[in-house]
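This report refers to the structure that appears directly beneath it.
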Amino acid sequence: MLTTVPFHQKKTHHDKMTTLASSLRHSRHCRSSFRRSSQPLITCCIEAFAKSWLALTCTFSFLVPLQPCISQDAATDARQLAKTLSAATVRIETPTDVSSGVIVSSNGLILSVAHGLTATDRTVTVHLHDGRSCKATVSFRDTDRDVAMLRVIDAAESHLPAPIPLQNDQSPTSDSDRKPFVFACGLPARETTGLSPVFRMGRIEAQDQNSIRTSCVLTAGDSGGPLVNVDGQLIALHRRIGLGRKVNMHVPTAVIRAAVSGHVDLADLDGHAVPAVLFAPHPSGRVRRELRARTVYFYSSTEDQPVVQGTLLTPSMVATKLSELPPDKVALTCGRSRKSAVGFARVAFDRQVDVLLVRLHETSGVAVSSPVLPTDVSKSHNLATGQVVFAGVNADIGVVARSNHRETAISPRLGLDLRLRQESLIVERALPVTAASEAELVPGDRLTKLADTDVRSLDDVAGVLAQFQPGDRIAFEVQRNQTTLHRSGQLTFPAESLLQRINFLDGRAGELSHRRTGFTGVIQHDVDLAASQMGGPLVDSQGNCVGVNIARCGRESVLTVPIDRLSRLVESSTR
């Protein structure tokens, strides 16, 4: 389990970027199959020779045309590395804890951290990325260095995935690479029903011989998982969560090698070659324009700041996060600014993915092409783990952690004590800080409808609640003194779940979305977005809108509804 540790690091020198260094870096991300110069070295004084040379040059250029310099895009990002790294990342389960680990040799050696195991652990269960599990023995635990090694029993019969090689070059990072990109993988402890590793991207913020600090966001359960460089080499193991997103601590390979040198031949840790990563980490002009053009805001007359963001699908159609909009009785407008915001009509919703479609009363005037595809074309399925994506008005970068992801559902808390009397549901108590208290229900009210559905028994109430998640808004209809009242409130998490350690760890690095569970078929990525930015667009490196951000789910997780899901919703609303 990850714990908190303060980190004090000396300031690094300011990055001095020269024109030459910039040119060299650009050349790494651009390729050309043929280079030539049209500038002659010597001015020929003989006219005939000059004409012959010109003719020869023109003829050769026509026969062998130059290929343009192609900048790196999604075709050369971290997808292959993500596939290999995710396969080599495992969950280690003991009677008392869960942690992560990484396979580092073909004969079944697994590296992890010592604090994920206890002194009495001898044999543990190792869960692989494909759902299989096997047994492993604990070879040793070095509590001082916080390094542990396990060996899979019958490794040859387990058909383990390819291992990750350890970094060999221990030279210090150059000034020009002061904050190089790195990639992380791990298995969050909150996900008890799924064993799919979560891939992340970040930068090295600081490092020395004993520790590395990065912006690869960690969460509970990631301890012992791998941190790799762009060459696919293991440079550290995850150790501790810090107080902020950029204070995630890792055990470097120098410490790992010192810990294992007395227990195993270091040559056994040499894994297979892993594809290096080449990608453009900066958004193009098209990416920035697309994000600015499609981002709109919902405004309330009672609040100064926007209520929630939205994504402009067409000049008049907007998608947003359903659960964050207040009840219909609150006057709302939508637009790129409060001054230009107009009224709208709600036309369709999909509660399972928390999406609402609205049609503006006046066209936005923004020329955007419709990103909604025919229902038989699923562009989002082309998104793969490791693909670069951008979101937010500042075009913040991230990578796809998982596609077609399912976030575990949780039963919501209504906050009502009900008693059945003469075939009527009578409110005995409305618990504080719940949907019932927000709706201002009081003892003696007779509940007649829940979410516009007639309810006459406790089973009816349970049946309605099964369609909702914590964070969803739900409508009440009650009879009070011969008067029918219509109220609404936001469902909450079960009281016991709020005290779990993993919720504390996830929440302290930033506010999470109220509705963040029960999603299916969504994209998960690690762009650093706030809960208030949900409803805005997600764009790939080519500037294509690929979805609508719908939930800040955890420290390392933002969920996005893919475009093909939205296309079906739009189609159903126009029938």
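Values for this structure:
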| quantity | calculated |
| --- | --- |
| Elements of type strands (runs of 3 or more DSSP E) contained in segment 528-567, each with 1 or more residues being not assigned by TED's automatic domain parsing to the domain that holds Gln352 | none |
| Total residues in segment 516-575, condition in contact (Cβ under 8 Å) with a residue 12 or more places away in the chain, among the polar types (S, T, N, Q) and over 17 Å from Asn394 (Cβ atoms) | 10 |
| Residue within segment 472-482 that is surrounded by fewer than 17 Cβ atoms within 10 Å (Cβ to Cβ), in a loop (DSSP other than H, G, I, E, B) and at pLDDT below 95 present | yes |
| Test result for Pro95, at pLDDT 50 or above, surrounded by fewer than 23 Cβ atoms within 10 Å (Cβ to Cβ) and either outside the structural domain of Gln233 (by TED's automatic domain parsing) or part of a loop (DSSP other than H, G, I, E, B) (or both) | yes |
| Output for segment 114-145, where each listed residue is within 29 Å of the chain's Cα centre (by Cα) and either farther than 16 Å from Ala88 by Cα or outside any loop (DSSP other than H, G, I, E, B) (or both) | Ala114, His115, Gly116, Leu117, Thr125, Val126, His127, Ser133, Cys134 |
| Tally, over segment 90-142, of residues that are touching a Gly at 6+ places or on another chain (Cβ under 7 Å) and under 21 Å from Val198 (Cα atoms) | 14 |
| Residues of segment 138-164 that turn out to be hydroxyl-bearing (Ser, Thr, Tyr) and either surrounded by 14 or more Cβ atoms within 10 Å (Cβ to Cβ) or in contact (Cβ under 8 Å) with a residue 60 or more places away in the chain (or both), as a count | 2 |
| Matching option when the condition is at pLDDT below 95 and either surrounded by 13 or more Cβ atoms within 10 Å (Cβ to Cβ) or at negative phi (or both), among Val330, Val296 | Val330 |
| Candidates Arg456, Arg419, Arg487 - the one that is touching a residue at least 12 places away in the same chain (Cβ under 8 Å) and either in contact with a Pro (Cβ under 6 Å, 6 or more places away or on another chain) or assigned to a strand (DSSP E or B) (or both) | Arg487 |
| Candidates Asn404, Asn394 - the one that is free of Cβ contacts under 8 Å to residues at least 24 places away in the same chain and in the same structural domain as His514 (by TED's automatic domain parsing) | Asn394 |
| Given (1) surrounded by 14 or more Cβ atoms within 10 Å (Cβ to Cβ); (2) within 26 Å of Pro470 (Cα to Cα), index of the condition Gln305 fails | (1) |
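Per-residue answers, yes or no, for (1) within 20 Å of Gln305 (Cα to Cα); (2) at pLDDT 95 or above; (3) among the small types (Gly, Ala, Ser); (4) in contact with a Leu (Cβ under 8 Å, 6 or more places away or on another chain):
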position	(1), (2), (3), (4)
Ala495	no, no, yes, no
Leu499	no, no, no, no
Ile502	no, no, no, no
Gly510	yes, no, yes, no
Ala531	yes, no, yes, yes
Gly535	yes, yes, yes, no
Asn544	no, no, no, no
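The values are calculated or read from the model by the stated rules, or taken from the named source; none is laboratory data. Predicted model, so just to flag it, every value in this text is computed and none were measured. Because the Cβ atoms are built from the backbone with ideal geometry, glycine has one as well, and the counts that use them run over all protein chains shown.
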